Amino acid sequence: RFMVIGYTTDDEQLLRKGNVSITGEYDNEDLPNLIKSSGARIVLFLSQWPETYCYVLSEAWANNLFPIALDRGAIAERIRMVGVGRLLAVDMTAQAINDVLLEELSIDHSNDTKPGQYDWGDNMDILKDYYGLDPEFLH
């Protein structure tokens, strides 16, 4: 079964599948409870274009979800940097993606290093490390 926390551009079509539920719009402070009540252990990012930083990835890690994402953009860069998650080829079929999901669900990721336990060091300075900007210059 799949749960969309939030909404999509075509909720009605997804709901007709029968194995998808959609929470609809939510307040950020409700996200941990939505994730917990969903019973989710993994999160899937199927962005059609290269995302920028992606705060949802941070939220996933903070809520002990194992991310699976297409290998493009900032999401892929961050998963590589942290070393927690799995990247998929951007041309994978839906069946192949589903096979990966089933495989990852059979693995206990509860002992994987989570970013909350990860030594980020200077990597938390998004202006410097991600965008290549000098934060002092912006003052």
Report summary line: Inter-part gap, Cα centre of segment 94-109 to Cα centre of segment 33-67, in whole angstrom, is 15 Å
Query raised in the report: In whole angstrom, and with the biggest value first, how far do the Cα coordinates of segment 1-45 range along each principal axis?
Result: 28, 20, 18
Query raised in the report: Tally Lys and Arg at +1 and Asp and Glu at -1 over the other residues with C-beta under 14 Å from the C-beta of Asn33: what net charge comes out?
Result: -3
Query raised in the report: So what are segment 1-121's ellipsoid semi-axes, whole angstrom, largest first, if each one is the square root of 5 times an eigenvalue of the alpha-carbon gyration tensor?
Result: 22, 18, 15
Query raised in the report: Ignoring ligands, DNA and RNA, what percent of the 1.4 Å accessible area of segment 1-106 is carbon and sulfur?
Result: 51 percent
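The values are calculated or read from the model by the stated rules, or taken from the named source; none is laboratory data. Worth saying up front: this structure is predicted, and the values here are computed from it rather than measured. Please note: Cβ atoms are built from the backbone with ideal geometry, for glycine as well, and neighbour counts cover all protein chains shown. Please note that ligands, DNA and RNA were not included when accessible areas were found on the heavy atoms of the full protein model with its side chains. Shrake-Rupley method; radii C 1.70, N 1.55, O 1.52, S 1.80 Å.
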